[in-house]
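The values are calculated or read from the model by the stated rules, or taken from the named source; none is laboratory data. No experiment lies behind these values; they were computed from the predicted model shown. Cβ: placed from backbone, ideal geometry, glycine included. Neighbour counts: every protein chain shown. Ligands, DNA and RNA are stripped out before the accessible areas are found, and what is left, the full protein with its side chains, is counted by its heavy atoms. Shrake-Rupley method; radii C 1.70, N 1.55, O 1.52, S 1.80 Å.
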Amino acid sequence: MSIYNLTKEELVDYFLEIGLKKYHAEEMFRWLYEKKIKSLDQITNIKKEALEKMKEKFSLGEIQIVAVEREKEVNKYLFSLKDKEHVEAVLMRHDYGNSICISSQVGCNMGCKFCESGRRKKVRNLEVGEMVEQVLQVEEDIKTRISHVVIMGIGEPFDNFDNLLKFIQIINDPKGLQIGSRHITVSTCGIVPKILEFSKFPYPVNLAISLHAPNDLLRSQLMPINKVYPLKELMKALKEYSKNSSRRLTFEYILLKDINDTKECAEELSKLIRGMNAYVNLIPYNQTEAIEFKRSEPFQIMKFYDILKKNKIQVTIRKEFGTTISAACGQLRSKKEDV
Ligand code: SAH
């Protein structure tokens with residue numbers, strides 16, 4: 001088993017079981033996440049017998065970078081997993097630091113019509129360690145600290161909920177990767193019961209909702225999850241979430257030419273989220289070969305933006321990364337596996 005699967009608390013339990021002390025778990029975390037050891041043999045302050053026991057049980061590192069596409073501000077990584085499946089991660093260099101977008105599943109069952117990842121059904125959830133290692137390995141590749149993590153790569157993080165929570169605990173841990181909660185963002189297509197559960201999770205990370213349409217008719221056409229949790233239920237859950245946390249929500253809204261980028265949609269969207277502690281992130285669509293949707297024209301994007309502004313909705317337009325390298329969700333993996 002990968003040692004990166006374990007939260008500090010789980011490591012404490014294991015250490016007590018094999019006769020070590022609680023503080024050894026903290027030490028161990030420092031070896032793993034500060035010193036970033038490559039082999040358990042590098043550990044100098046844990047007894048030999050205990051180390052031998054650990055070596056029987058744990059491995060260090062189970063995923064491998066098999067391809068990298070590099071641009072000035074963005075790197076895209078393809079990882080091979082121990083069962084030969086593939087996932088990807090994207091590194092973005094911002095003026096405020098390095099941000100990584102990681103995958104949470106192999107494939108995805110949500111079936112959003114515009115999304116490359118959804119073209120192949122979920123094969124399995126990623127283990128906690130497989131998420132942690134995406135961060136560690138990219139850090140090693142760029143030889144610089146990663147300060148921000150977004151869980152917005154392949155997969156639906158709320159469909160891998162328990163592992164997601166552990167992953168957040170590990171990267172946030174003061175003895176782990178020390179990535180502050182406010183520098184961590186989880187993006188979901190809107191699985192209502194999990195949003196409610198997540199509102200009780202005592203780590204104030206950011207939540208982003210992939211909205212993409214302001215009414216049920218259109219949203220159900222684009223995102224099948226909307227048939228299970230329609231907008232009324234979603235918005236109710238988000239209001240509940242906002243009550244429980246002081247965190248500002250992000251609504252992601254991809255602009256698809258002639259589909260959801262009209263003036264009417266902008267007005268309807270403004271009405272839908274008026275009064276919420278939230279902002280809208282407008283996303284220029286990354287076109288892919290296999291999917292027929294087109295990106296909205298720049299003037300249409302600006303028009304949409306202006307209407308939201310006029311309606312006093314907080315709104316930003318996502319800075320574009322990686323349109324020349326295949327940085328839209330799932331494209332590198334698709335190329336590799338030819339799906
Ligand atoms: N399942 C989660 C997280 C993964 S998708 C979710 O739905 O939020 C991350 C974001 O990328 C979502 O907002 C998704 O709708 C968006 N996305 C998918 N394909 C895209 C594309 N081709 N161009 C731009 N954004 C895309």
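Once both axes come from the Cα atoms, what is the angle between helix 231-244 and the longest principal axis of the chain, in degrees from 0 to 90, rounded to 10? Tilt of helix 231-244: around 50 degrees. Protein heavy-atom accessible surface, 1.4 Å probe, per residue over the stretch 64-338: 43 Å². Among the protein heavy atoms of the stretch 255-322, carbon and sulfur supply 53% of the accessible surface, probe 1.4 Å, non-protein parts ignored. In the chain, the DSSP-assigned H stretches of four residues or longer account for a calculated mean residue ellipticity at 222 nm of -10000 deg cm²/dmol, using -39500 (n - 2.57) per stretch and the full residue count as denominator. Please report the carbon-and-sulfur percent of the accessible area for the stretch 143-226; probe 1.4 Å, protein heavy atoms only, DNA, RNA and ligands left out. Carbon and sulfur atoms account for 55 percent of the accessible area of the stretch 143-226.
Please report the net charge: other residues with Cβ closer than 14 Å to the Cβ of Lys243, K and R +1, D and E -1. Its environment carries a net charge of +4.
For the residue pairs Lys271/Lys303; Lys194/Lys309; Lys76/Lys243; Lys57/Lys82; Lys143/Lys319; Lys113/Lys263, the C-alpha atoms sit more than 26 angstrom apart in Lys194/Lys309; Lys76/Lys243.
If the cut-off is 18 Å between C-alpha atoms, which aspartates and glutamates fall inside it for Lys236, apart from same-chain ones fewer than 8 positions away? The reachable aspartates and glutamates, counting only those whose Cα sits under 18 Å from Lys236, are Glu197, Asp216, Glu252, Glu268.
Using only Cα atoms, figure out Rg for the stretch 1-148 and give it as a multiple of 2.2 N^0.38 Å.
Normalised Rg, Cα atoms only: 1.18.
Counted by Cβ distance under 12 Å from Asn45, the other residues give a net charge of +3, where Lys and Arg count +1 and Asp and Glu count -1. For the pair the stretch 305-321 and the stretch 224-302, the centres of their Cα atoms are 11 angstrom apart. With q set to 0.06, 0.08, 0.09 Å⁻¹, the log10 of I(q)/I(0) for the chain, from the Debye formula over equal scatterers at the Cα positions, is -0.22, -0.39, -0.50. Per residue, the accessible area of the stretch 3-57 comes to 57 Å², computed with a 1.4 Å probe over protein heavy atoms only.
Ordered by 1.4 Å accessible area with all protein chains kept, Thr188, Thr316 run largest first as Thr316, Thr188. About its Cα centre, the stretch 1-118 has a charge dipole of approximately 280 debye under the convention of +1 per Lys or Arg Cβ and -1 per Asp or Glu Cβ, with nothing else charged. Basic side chains Lys and Arg get +1 at the Cβ, acidic Asp and Glu get -1 at the Cβ, and with that the dipole of the chain about its Cα centre reaches some 800 debye. Rounded is the label for the stretch 3-57. Its Cα gyration tensor axes, ordered a ≥ b ≥ c, give a/c under 1.5. Partners of Lys294 within straight-line reach, counting aspartates and glutamates whose Cα lies under 14 Å from its Cα and excluding those fewer than 8 residues away in the same chain: Glu116, Asp258, Asp261.
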